[in-house]
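The values are calculated or read from the model by the stated rules, or taken from the named source; none is laboratory data. This structure is a prediction, so every number in the text was calculated from the model and none was measured. Every residue, glycine as well, gets a Cβ built from its backbone with ideal geometry; the counts of neighbours run over all protein chains shown. Side chains included, ligands, DNA and RNA excluded: accessible areas come from the protein's heavy atoms. Shrake-Rupley method; radii C 1.70, N 1.55, O 1.52, S 1.80 Å.
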Amino acid sequence: MNSTVPAHIPAHLVQNFDLWAELTSQGENSFAWAAELHRTTPPIFWVPSLGFLPGAWVPRRSEDLRRILQDPEIFSSVGLTPYPMLLGESWRLAPLEVDPPDHGKYRALLNPLFAPKKINELNEGIRELAGQLIDQLAAKGYCDFNEDFAKPFPTLVFLRLMGWPQHEQGRVQHWTQTLIKSFDPQVVTENARTITDRIRERIAERRANPTEDFTSYLLASRIDGRELTDDELLGISFLIFIGGLDTVTSTIGLFFRHLARHPEQQAQLRADPGLIPAAVEEMLRAYSVVNMRRTVTRDVQIGEACMKKGDLVLISTELANLDPEVFDDPASVDFLRSAGKVSHMAFSYGVHHCVGAHLARRELRIALELWLEKLPPFRIAEGSEPRFNAYGVFSMDSLHLEWDVPAVTTTGPGGSESSSKDKAQ
């Protein structure tokens, strides 16, 4: 670990651990451990490193995090993703890496594509994709949840939304997971190059032959009365590419891990499917996956923390959503929990609130509805151990589920009966 601590940071605010490494080491206990940080650490503390990233301030209180996210003038989002830099290029992931006032121009361009009305139009297609994946698993009684559902489901939805060919599922899945999860800068760079090359190909294809897809929409759009530049087209498309895939995959894995470990709550949803929207919101709160960073643009004091220009600040959605000042017994999952003082921050807050929140909620809700409708109670597969990863976007690295498959009785020659279980023995 890089233990260098800037001189302006008081020693008593330094927590000498790698936050993400500690969370990862806790495994399935990680969110309970994060909840304990509200009892054991100062309201804002400093960690010397986050994996391979440099040290940062870590505010843990929801109130402070909301204040930071509402002030993009002091806490800037510009230049905080590595991909353009790794490629030696200068495009931005708009609107994520654009501060106001320009941020609003890009956001206004994307909002219609992810509005509730548009998501409603996609509803049946999303259900169809989820249903097909589940039907392929039902008779097996077992699945590698990540590979069989959590990765392909949002990937297929993304391809349909973007108007990309469905046969690209495998390589798009591979590109996304390798880009987000790899710790090898060369591997990340190679995947970023491959993805940008494919996006540029798509832009060229649609310039020549426009259709009704996402890329054609961008090509026909205007900002300040002008067409989007090639860098703007690439930056927006790259953001939608990574934002619409990995976060949903990660969230679905945590949801299903929870339900597999808590059969009583799985039964609660089976008995009352009307609770599923509330369950989605409660598990989004309890198992938030996104961590963002901000750069301090001028000196500012928050509580005991004197943040200096150039300092980095970690925006940890899971700490915000586990704050006992906001949520009673925050480490517990209660589908009947009332909304409380404020809503959760799983999709961030302020001007950078996730543009794809409506789509993500719809995917999560449909996944729960159809799994509970089509499959019997599921559990962690015998002999397997779920593995959790807390670097960057929190996720289940490994999750294997199983369920009981009903025996199918058939009548054979002479009226004898046999079952699928007999044939398997």
Determine if the stretch 366-381 includes at least one residue that is open to solvent by 50 Å² or more (accessible area, probe 1.4 Å), in a loop (DSSP other than H, G, I, E, B) and either touching a residue at least 12 places away in the same chain (Cβ under 8 Å) or at positive phi (or both).
yes
Please go through (1) loosely packed, with under 15 Cβ neighbours inside 10 Å; (2) at pLDDT below 95; (3) assigned to a helix (DSSP H, G or I); (4) not acidic (D, E) for Q136 and return the number of the only condition it doesn't satisfy.
(2)
Unique residue being at pLDDT 95 or above and either in contact with a Ser or Thr (Cβ under 6 Å, 6 or more places away or on another chain) or surrounded by 13 or more Cβ atoms within 10 Å (Cβ to Cβ) (or both) when the list is E402, E417, E385:
E402
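Would you check which residues across the stretch 337-361 are over 30 Å from L156 (Cβ atoms) and either among the hydroxyl-bearing types (S, T, Y) or modelled with pLDDT of 95 or more (or both) and list them?
So in the stretch 337-361, the residues over 30 Å from L156 (Cβ atoms) come out as 337-342, 350-351.
Residue satisfying the conditions is S338 alone.
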Residue in the stretch 222-230 that is surrounded by fewer than 14 Cβ atoms within 10 Å (Cβ to Cβ) and within 18 Å of P165 (Cα to Cα) present:
no
Residue ID - modelled with the lowest pLDDT, chosen from residues in the stretch 242-267 that are touching a Leu at 6+ places or on another chain (Cβ under 9 Å) and over 23 Å from N29 (Cα atoms):
G244
Note on A204: of the conditions (1) more than 19 Å from the chain's Cα centre (by Cα); (2) crowded, with 18+ Cβ neighbours inside 10 Å, unmet is (2)
Among the numbered criteria (1) touching a Leu at 6+ places or on another chain (Cβ under 6 Å); (2) modelled with pLDDT under 90; (3) more than 30 Å from R365 (Cα to Cα); (4) β-branched (V, I, T), which one does T176 miss?
(3)
Just one of (1) within 30 Å of D272 (Cα to Cα); (2) of a type outside the set (K, R); (3) out of contact with any Lys or Arg (no Cβ under 7 Å at 6 or more places or on another chain) trips up N389, so point out which.
(1)
Please report, ordered by residue number, the helices (runs of 4 or more DSSP H) entirely within the stretch 26-88 with at least 3 residues that are touching a helix residue (DSSP H, G or I) at 6+ places or on another chain (Cβ under 6 Å).
62-69
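For residues in the stretch 139-152 being touching a residue at least 40 places away in the same chain (Cβ under 8 Å) and surrounded by 19 or more Cβ atoms within 10 Å (Cβ to Cβ), which is farthest from S250 (Cα to Cα)? Full working, then the answer.
Restricting attention to the stretch 139-152, the residues satisfying the condition of being touching a residue at least 40 places away in the same chain (Cβ under 8 Å) are 139-146, 149-151.
If we keep only those that are surrounded by 19 or more Cβ atoms within 10 Å (Cβ to Cβ) as well, we get 143, 145-146, 149-151.
Numbers: C143: 16, F145: 11, N146: 9, F149: 11, A150: 7, K151: 9 Å.
Of everything passing the filter in the stretch 139-152, C143 is farthest from S250 (Cα to Cα).
Is it fair to say F347 is touching a Cys at 6+ places or on another chain (Cβ under 9 Å), open to solvent by less than 30 Å² (accessible area, probe 1.4 Å) and outside any helix (DSSP H, G or I)? First the steps, then the outcome.
Working: touching a Cys at 6+ places or on another chain (Cβ under 9 Å): yes; open to solvent by less than 30 Å² (accessible area, probe 1.4 Å): yes; outside any helix (DSSP H, G or I): yes.
Yes; evaluated as a whole, the condition is true for this residue.
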Screening D99, D64 for residues that are in contact with a strand residue (DSSP E or B) (Cβ under 9 Å, 6 or more places away or on another chain), surrounded by 19 or more Cβ atoms within 10 Å (Cβ to Cβ) and among the acidic types (D, E) leaves only D64
Filter the stretch 158-184 for residues that are aromatic (F, W, Y) and assigned to a helix (DSSP H, G or I) and give the result.
F158, W175
Evaluation of K118 against (1) open to solvent by 20 Å² or more (accessible area, probe 1.4 Å); (2) in contact with a helix residue (DSSP H, G or I) (Cβ under 6 Å, 6 or more places away or on another chain) (one fails), failing number
(2)
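Answer yes or no: is there a residue in the stretch 38-47 that is among the basic types (K, R), at pLDDT 95 or above and surrounded by fewer than 20 Cβ atoms within 10 Å (Cβ to Cβ).
Taking the stretch 38-47 as the starting set, the residues that turn out to be among the basic types (K, R) are 39.
Next cut, at pLDDT 95 or above only: 39.
Right, trim to surrounded by fewer than 20 Cβ atoms within 10 Å (Cβ to Cβ) and you get 39.
Within the stretch 38-47, one or more residues are among the basic types (K, R), at pLDDT 95 or above and surrounded by fewer than 20 Cβ atoms within 10 Å (Cβ to Cβ).
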May I ask you to list the residues in the stretch 1-31 that are closer than 23 Å to A320 by Cβ and of a type in the set (G, A, S)?
A21, S25, G27, S30
Among the numbered conditions (1) more than 30 Å from V187 (Cα to Cα); (2) in a helix (DSSP H, G or I); (3) more than 21 Å from the chain's Cα centre (by Cα), tell me where N111 comes up short.
(3)
Odd one out for R160, checked against (1) basic (K, R); (2) open to solvent by 20 Å² or more (accessible area, probe 1.4 Å); (3) over 22 Å from the mean Cα position of the chain (by Cα):
(3)
I'm trying to understand the selection: among the residues of the stretch 188-201, which are closer than 17 Å to H174 by Cβ and either in contact (Cβ under 8 Å) with a residue 24 or more places away in the chain or buried (at least 18 other Cβ atoms within 10 Å of the Cβ) (or both)?
V188, T189, N191, A192, R193, I195, T196, I199
If V98 satisfies every condition in (1) in a loop (DSSP other than H, G, I, E, B); (2) in contact (Cβ under 8 Å) with a residue 24 or more places away in the chain but one, which is the exception?
(2)
